[in-house]
Structure formats: structure tokens, C-alpha cells
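One structure is given here, and the rest of the page talks about it.
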Amino acid sequence: MDYKKLQNGSDIRGVALEGIEGQHVNLTEQVCRDIGRGFAVWLYKKAGKKDLRVAVGRDSRLSGKTLCDAICSAMVEQGISVTDFGMASTPAMFMSTVTEGYLFDGSVMITASHLPFNRNGFKFFTANGGLEKEDIKQILAYAENGDKTGLTCGSLVSGEFMDTYSKILADKIRKATGEDQPLKGFRIVVDAGNGAGGFYVDKVLKPLGANTDGSRYLEPDGSFPNHIPNPENKEAMESITEAVKQNNADLGIIFDTDVDRAGAVLSDGSELNRNRIIAMLSAILLREHPNTTIVTDSITSTGLAEFIKEKGGIHHRFKRGYRNVINESIRLNNLGQDSQLAIETSGHGAFKENYFLDDGAYIVTKLLIELARGKKQGYTLGSLIDSLSEPEESVEFRMNIALEDFKEYGLKVIEDLNAYAQNKEGWSLAPDNFEGVRVNLDDKHGNGWFLLRLSLHDPLLPLNIESNEVGGAKKIAKELAGFIDNYDKLDATSLKDFAK
């Protein structure tokens, strides 16, 4: 077993259940025990003390309880005092390290986000935030090498934290609005996709006075029988949109499996995700923090950049990967440049005011504050982004690289395209680009832009194209297809079919 293969950026992920052909279990109980031991050793060396306390939570996945039992027992054997919180959200597990009355030395969330039912994994936190890639690499090395803490007298107890975490969110809304039940008179529906997000209905919305009739898939079910819990998934967004329309709701909310991401649907049925949710949160924050910098991933639209500038902010487009945008925002703040929000188009959003924690429930909490304020002051959520210019067409192609050493090949394609773009009529390289190659195209050549980048973890070159005119995306694709045709190890079938 090569433990390094379980690393997925700043997380650990693997196959925990049989059931999908060709995918064999590599996150066995023994491997989970080794990872628990590895985390105990890492935390012991990092904290420099013996009386260590760790909280553990999990989402609704079918394998969650088994993995939880394994990692908890291993940490107890290493002398750690472990508290099992049962069903929880990823953001809540971080909050258990910084909330008075809890203040755990570390925490573990058992989740694989929106991945299929057979997958699972681990996210780790201390009071300083989520662990970085190098930390995960070290934990897996300790796991594989058999390192131990040498501590004894560990313990395992059951605990509860979601009530406390939910009250923190509800109280924030009460404080911001000055009312005990600021959502009275609103109908708000939630689609939890049978993940861990159902708590938000009973523990946040109802105590604030909201009518939540029409909410769906709140019961945890790790087989995900209705749709993938993912705000980027087409079926998932159709589900919450349908719930809003059927119930004449004022707002629809959708969470991913472990609630670190969220999307929403406005009362008119329009989706609030990707560029639109970034724009809305930017509008809110720029009113509270004029001139602040909004850090996003690399595939945000030109219209979003113009919107943020119009609202008096600075748009800093960075790299894909939620840890990348968070760390970049933190870096800017450390340099003295105020940056209140780091957010990906996937729905990962982290606020400076909230520990730079990517928390879907906190995003929704900010929207609910604005919903309640708007009713008092005579504006709607949708009006906040009235001036956002959105593309006529937006497409993505994920082109597979048929090579073991895919990174070198992918980077060569990007390097060649960068040189090609500099001499191509109607093309201009986008300034301040930090990932892949981003090119703006004039009216004659598609009236839009494209970004070609190398996937963070997979042998893929994702290509995003946006155009401000109908038919423009196909025009851009045709121009690109000719260039891509020179690379026989790149499967560009989908791009070529689209360009026909």
C-alpha cells in the first residue's frame, strides 16, 4: 500500500466501499487506524504537550461509522482524549477548536465531499485552520512508517457540538438584524441532498421564525438516492429550483455533503451559484469594507471582474483550489492589503471575519442577514447583482492526457499556447493571470475569453470558454481546435465535436 496515493491536496481520500467496478477498497480499517496514529504523532509533535484532545465528526456516508471507529480507536491507543461528535459538518469540526468551552487541540472530519457513495476520506484541523499539503504528506509518512507518540491513557467519549455551532450562526443573524425572529414571514426551503446539512432547518431557520415547508432530502442517507449533494451539479440545482417554484419560496438553499459549500436559488427561480454568488457576497462585503480585495479562482468571468470594480473593490483572480484562494487572501492581508473574501466558483467561500474557514452554512447566513435587511429597507437579494454582466455562453471541456507523466506534457501544451497567443490576430493574453494561459478574444474572434490550465490532481487539461455573443463559444472553440490538433496525447474529442 502506497499511502502517498491517498493524498488529495490538503485532504485524504480513498475508496472505502466496494460497489463500483474497477474501484477496490484502499481506505481499509487498518489504513484508517494507521492514519489515526499518524495524525496523533503529527499533533503531538506540533503541539508539544501530552494532554491532547481531538474531536471527530462525519457526514452521512455509509462507511462513516466504520472509519470513525477505526481512527478514534487508533488515536486513543496513542494517548489522545477523543470526543466523537457523530454526524457533523466540516466547518463545525474546525469551530470545535476555537469555540470557548471546547477548544480542542485538533479535529478530524470524515468526508469525501460530493464524491460517489463508495468514497470517503479525512480532513484535519487545528485552531490555525485546515492542514496544508505538507502536513498531510507528513501524517501519511508517519502512518506508513509505524511512528508512535509513546503516550498512554487515551479515552473515547461521545459528545455534541452541532447545537452550539448552529446557535453561533443563528445568533449572528439575530445580532445583525436586531430581531429575535428576523425570518418570520419568509418561506425558505433547503435541499440537503441527504448529506449532513439537514441540521440547518431545525437548528437555524426554524428558531429564527422561517417557514421551511417544502424542504427536501434532509434525512442523512449515504447512498445519496435523490441526487449528488453538490451545488455545481445540474440535477442538484434543478431540484432546489423546483422546490423554490413549487412552494413560492423566498429563497432556496442547497448544501454539499459536508456543508463546506453552498448554493442558492432566488425567489424568481434564478440560480445563485458560481459567478453570481461571488458577485452577491462581494456586493455585501464591499458595502461593509470599501476597497477590499476579493480573491477568486482562475475561471471567474470578465463580467464579475467589472462588477467588483464597479462596486469599488479589487478583483484578484488566482488559482483553482480552495486552499490556494484562501492562502492567497491570507498572504495579501499579511502584506497589508485588506482581503475580506476568498472564494471559488465551486461554492467554497472563506471570510476573513470567520477565520478564513470555507463554510457553506456561513455563506447562507450572510445571505439571510441581507434577505431580512432587504425586506425592511425595500430591496431584494436579486437587486444586489442587477448590474452583473453575464456571458451569453459558457462551456467547459476536460481533455484527458494519455500519459503516465502527464504534468510535463500538459505544461508544454500550455507553454506552446502561451507563445502562440502572443502572435495570434485578435487574441491578447490576460494580465495578472496566475494559472495556465488565459486569453481575451476580440469581437471578430468570438468576443470572449478562454482559459487552459492543468488539473490540480488528475491527468487533465480543463478548458473554459466564455463568450458575450450567441455562437461565440463555438467560434472560439474552432480557433482552438486547430492548435490542439497538434498534440496526439491529448483527447480533445469533446472540443472538436463542439466546434463542428
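The values are calculated or read from the model by the stated rules, or taken from the named source; none is laboratory data. Bear in mind that the values here come from a model prediction, so they are computed numbers and not experimental data. Counting neighbours? That spans all protein chains shown, and the Cβs are built from the backbone with ideal geometry, glycine included. Please note that ligands, DNA and RNA were not included when accessible areas were found on the heavy atoms of the full protein model with its side chains. Shrake-Rupley method; radii C 1.70, N 1.55, O 1.52, S 1.80 Å.
Whether any residue in the stretch 474-489 is closer than 23 Å to residue 321 by Cβ and either β-branched (Val, Ile, Thr) or modelled with pLDDT under 95 (or both) is what I want to check. Among the residues of the stretch 474-489, not one is closer than 23 Å to residue 321 by Cβ and either β-branched (Val, Ile, Thr) or modelled with pLDDT under 95 (or both), which makes the answer no.
Summed over the stretch 177-197, the residues that are in contact with a Phe, Trp or Tyr (Cβ under 9 Å, 6 or more places away or on another chain) and either among the polar types (S, T, N, Q) or at pLDDT below 95 (or both) give a count of 1.
Of the residues making up the stretch 430-463, those that are surrounded by fewer than 17 Cβ atoms within 10 Å (Cβ to Cβ) and out of contact with any Gly (no Cβ under 9 Å at 6 or more places or on another chain) are 431, 432, 434, 458. The combined condition, being in contact with a Ser or Thr (Cβ under 8 Å, 6 or more places away or on another chain) and either over 22 Å from residue 85 (Cα atoms) or charged (D, E, K, R) (or both), is fulfilled by residue 189. Just one of the listed residues (330, 363, 369) is more than 20 Å from residue 173 (Cβ to Cβ) and not charged (D, E, K, R), and it is 330.
Note on the stretch 87-123: residues that are surrounded by fewer than 23 Cβ atoms within 10 Å (Cβ to Cβ) and over 18 Å from residue 229 (Cβ atoms) total 8. The residue of the stretch 309-348 that is modelled with the lowest pLDDT, among those that are polar (S, T, N, Q) and surrounded by fewer than 21 Cβ atoms within 10 Å (Cβ to Cβ), is 327.
The residues listed here are 303, 360; of these, the one that is on the phi < 0 side of the Ramachandran plot and buried (at least 24 other Cβ atoms within 10 Å of the Cβ) is 360. Within the stretch 124-158, the set of residues being touching a residue at least 40 places away in the same chain (Cβ under 8 Å), farther than 16 Å from residue 3 by Cα, within 27 Å of the chain's Cα centre (by Cα) and open to solvent by 30 Å² or more (accessible area, probe 1.4 Å) comprises 132 only. Inside the stretch 425-457, can you point out the residues that are over 18 Å from residue 398 (Cβ atoms), in a loop (DSSP other than H, G, I, E, B) and in contact (Cβ under 8 Å) with a residue 12 or more places away in the chain? Hits for the stretch 425-457 are 425, 426, 430, 432, 433, 434, 442, 446, 447. Scanning the stretch 9-49 for residues that are hydrophobic (A, V, I, L, M, F, W, C), in contact with a helix residue (DSSP H, G or I) (Cβ under 6 Å, 6 or more places away or on another chain) and either at positive phi or in a helix (DSSP H, G or I) (or both) yields 32, 35, 39, 40, 41, 42. Of everything in the stretch 377-428 that is of a type in the set (Ser, Thr, Tyr) and under 25 Å from residue 497 (Cβ atoms), the residue that is surrounded by the most Cβ atoms within 10 Å (Cβ to Cβ) is 409.
Across the stretch 464-478, the qualifying residues are those that are open to solvent by 40 Å² or more (accessible area, probe 1.4 Å) and outside any loop (DSSP other than H, G, I, E, B), and the one among them that is nearest to residue 401 (Cα to Cα) is 478.
Against the test of being assigned to a helix (DSSP H, G or I) and of a type in the set (S, T, N, Q), the options 346, 389, 383 yield a single qualifying residue, 383.
Go through the residues of the stretch 285-299 one by one and say whether even a single one is aliphatic (A, V, I, L, M), more than 15 Å from the chain's Cα centre (by Cα) and under 30 Å from residue 196 (Cα atoms). Scanning the stretch 285-299, I find at least one residue that is aliphatic (A, V, I, L, M), more than 15 Å from the chain's Cα centre (by Cα) and under 30 Å from residue 196 (Cα atoms), so the answer is yes.
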